[in-house]
1. Would you mind giving the three semi-axes, in whole Å and largest first, of the ellipsoid equivalent to the range B:79-179 according to its Cα gyration tensor?
2. So what's Rg/Rh here for the range A:213-264, counting alpha carbon atoms and using the Kirkwood radius for Rh?
3. Taking the Cα centroid of the range A:65-99 and of the range A:163-225, what is the distance between the two, rounded to the nearest whole Å?
4. Which value in Å does the Kirkwood hydrodynamic radius of the range A:46-194 take, with 1/r averaged over all unlike C-alpha pairs and then inverted?
5. Which whole-percent values make up P(r) of the range B:117-242 when all C-alpha to C-alpha distances are grouped in 10 Å steps starting at zero?
6. Of the peptides B:160-167, A:155-162, how do they stack up when ordered by the mean number of other Cβ atoms within 10 Å, highest first?
7. Across peptide A:157-163, what mean number of C-beta atoms from other chains lies inside 10 Å of a residue's C-beta?
8. If you take each beta carbon of peptide B:214-223 and count the beta carbons of other chains within 10 angstrom, what is the mean?
């Protein structure tokens with residue numbers, strides 16, 4: 001058991017771990033020196049109380065679960081974009097579109113590596129491209145042949161990602177890992193905004209960078225009914241018991257719906273993610 | 001001997017960081033004071049309301065969730081005021097689609113502002129006085145630059161404040177709002193330079209706490225956010241229990 005290694009691993013996700021445990025650097029150094037004198041048997045106890053203090057009520061197991069869940073989603077996103085770039089060279093047009101998809105792919109890979117590093121020995125098994133099926137069992141047969149289909153699935157992934165992180169936030173409450181998760185979450189929202197603009201430029205006229213009210217008041221504003229599950233409840237206009245529609249002049253139902261993204265539960269996200277995983281590799 | 005020297009060095013490092021911290025606080029207070037003095041000249045005709053009086057300023061007490069929600073309320077007030085001005089009189093070079101989307105954003109920020117006001121009830125701070133003198137509202141570049149600054153800062157603010165929230169429902173609400181701000185930020189950034197929607201290197205260089213190698217967006221503590229936003233706020237904001 002190497003306490004310094006453990007702290008270093010945590011520091012990768014939680015830059016403030018040392019500050020949380022003890023804001024005084026000198027005292028921290030004393031702790032390491034002391035560690036040499038503490039008997040090995042007593043060390044786990046000392047560690048336990050240290051982390052309890054640093055991370056409040058959330059148990060490390062719950063944090064590990066959330067991070068592994070996030071890691072699975074990031075693997076899926078990474079493979080989805082990476083395969084398009086390396087195996088379907090004519091799919092994404094050269095220039096701005098290819099640059100944007102490359103930027104997004106690189107962020108997803110960075111997220112995979114960040115989460116893997118943070119989880120270290122607790123990281124879930126790797127998800128390889130071979131375990132995925134981005135046609136979703138034939139729902140999107142042209143996902144790597146037709147650019148617009150590819151963008152539609154991409155948007156489904158990004159908007160799901162945004163909603164998934166949001167749903168897990170309470171499990172990380174008060175924990176420094178929450179900040180990291182939020183920093184990933186808003187990057188996914190930036191991706192979603194851009195993919196929406198790419199789709200709008202490729203036939204989805206009027207599709208907004210933010211999730212709006214679907215036609216006839218439905219929750220899915222993308223016009224792709226196959227991804228209805230991704231947009232469940234996105235037509236909600238009541239937040240924490242407060243009705244947003246009409247809260248001020250000009251705030252229509254559409255504006256109310258647009259101003260708040262909704263969350264998805266873990267079970268809802270798993271159902272969506274499993275559409276893109278082959279039998280035997282589902283979450 | 002070596003240990004002693006190292007310990008001395010550590011102490012010096014620690015003391016210097018304490019010095020920096022207190023200097024930062026002092027310069028922020030100095031700034032806030034200057035803002036209050038500036039407003040004093042035109043404050044005579046101002047409506048006095050709870051906490052928003054530019055003479056006495058307003059206080060954000062971070063001891064509980066009300067402090068964090070009021071902090072968000074303050075930032076949403078600022079954003080709403082900015083977009084109301086843009087949407088009502090956009091730069092002449094804005095396209096029809098751009099005018100429409102800036103109207104959308106205006107209503108999103110108004111909805112956020114009014115949500116916090118209602119959720120906070122009697123605990124809400126008053127209305128802030130804004131200072132947009134640094135923005136040229138007839139100039140597209142100036143307006144887009146300010147919009148980018150507001151949105152990127154808003155994202156970093158929510159990301160950095162989330163860990164302070166103790167109530168599940170409010171934490172989820174903050175998450176529901178920050179992703180919409182991030183969508184705005186990406187849209188505005190793409191208007192300035194297509195493809196810069198998530199330029200994390202730029203966000204890091206702007207001092208917002210992003211990290212491109214890790215794929216992380218900005219995250220800033222409230223004191224840093226208010227230090228940056230202070231340029232646009234006349235009302236003196238006191239921060240306690242941070």
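What follows draws every value from the coordinates through simple rules; no lab data is involved. Bear in mind the structure is a predicted one, so any value in this text is a computation, not a measurement. Neighbour counts run over all protein chains shown; Cβ positions are idealised from the backbone, glycine included.
1. 27, 14, 13
2. 0.99
3. One Cα centre to the other: 16 Å.
4. 16.4
5. Answer for the range B:117-242: a P(r) of 12, 38, 38, 13, 0 percent.
6. Numbers: B:160-167: 20.6, A:155-162: 26.4.
Descending mean neighbour count gives A:155-162, B:160-167.
7. Taking the mean over all residues of the peptide, I get 2.
8. Details: counts 13, 16, 12, 10, 3, 6, 0, 1, 0, 0.
For this peptide, the per-residue mean of nearby foreign Cβ atoms is 6.
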